[in-house]
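The values are calculated or read from the model by the stated rules, or taken from the named source; none is laboratory data. Quick caveat: nothing in here was measured; it's all calculated off a predicted structure. Cβ placement follows ideal geometry from the backbone for every residue including glycine, while neighbour counts extend to all protein chains displayed. Each accessible area value is taken on the protein alone, full model and side chains, heavy atoms only, with ligands, DNA and RNA left out. Shrake-Rupley method; radii C 1.70, N 1.55, O 1.52, S 1.80 Å.
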Amino acid sequence: FSLSLAGFIEEPERKYCFECASEEQCQEWVEALKRASYEFMRSSLIFYRNEIQKMTGKDPLEQYGISEEARFQLGSHQ
């Protein structure tokens, strides 16, 4: 499978090619790359933040000084 990255100033259209021994190994790589993505981590943060807030009644991000505006932005893309 291949992975193309666009939008980087240094290398605007860099392409990486991967080879796997099996279809299963290919799927494992694809899933690992998805889990490492910004969007996956962002959605995980939102999910766990909401779960902690349900259990404790407190916003876990508040202790880090994250503004109301930033918290609203995190919660608005669920």
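Looking at 4, 22, 44 in this structure, which one is open to solvent by less than 100 Å² (accessible area, probe 1.4 Å), modelled with pLDDT under 85 and either at negative phi or touching a helix residue (DSSP H, G or I) at 6+ places or on another chain (Cβ under 9 Å) (or both)?
Residue meeting the stated conditions: 4.
Residue 65 passes all but one of (1) surrounded by fewer than 11 Cβ atoms within 10 Å (Cβ to Cβ); (2) on the phi < 0 side of the Ramachandran plot; which number fails?
(2)
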